[in-house]
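Please read the structure below before turning to the comments.
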Amino acid sequence: MIRFLKLFDRLGVTMFKEWYEPMAEEERDALLEKLANIIIKRKLEAPAVLFLESHRPLSFIGSQAGIAFSPFLVPFLGYDNVKDYTRLMQDRTNIDRLIDLIAAPEPKTTVQKELG
């Protein structure tokens, strides 16, 4: 899929360029923190960790499917959300970072600090 998007870039279509650019660390950490906060706020830590651990090998395929189905996802989730989270899930190490944020023994997220 990334090769396909790079072909569009060579043809002068720049809309897809941001889909395959690497994500900045600050942006990545902010998205992971936001996602961890949502999971912790809804008290879904155990199911989320189980889901993430079992689907870790499929994270890249899932991100590519998100790009392929983006015309159907964008009206419901918004362009920025689809773009950001598909870019986030392209790297398997981000799944590990998210699991670490969710299952941390010390409260690292803002929601846990507010609740505690």
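Note on Lys34 and Phe76: the extension gain reaches 13.2 nm, defined as 0.36 nm multiplied by sequence separation minus the Cα-Cα distance.
Could you tell me the relative contact order of region 25-115? Use alpha-carbon pairs under 8 Å, at least six residues apart, and round to a whole percent.
Working: 71 pairs, mean separation 40.9, N = 91.
Reported as a whole number, the value is 45 percent.
Listed by chain and number, the aspartates and glutamates placed with their C-alpha closer than 16 angstrom to that of Lys43 are Glu33, Asp100, Glu106, Glu114; residues fewer than eight positions away on the same chain are left out.
Using a Förster distance of 25 angstrom, determine the FRET efficiency expected from the C-beta separation of Ile61 and Asp100, and round it to 0.05. Computed FRET efficiency for Ile61 and Asp100 comes out at 0.65.
Values in this text are rule-based calculations from the coordinates and carry no lab data. Please read all numbers here as calculations on a predicted model, not as lab measurements. Glycine also receives a Cβ, built like all others from the backbone with ideal geometry; neighbour counts cover every protein chain displayed.
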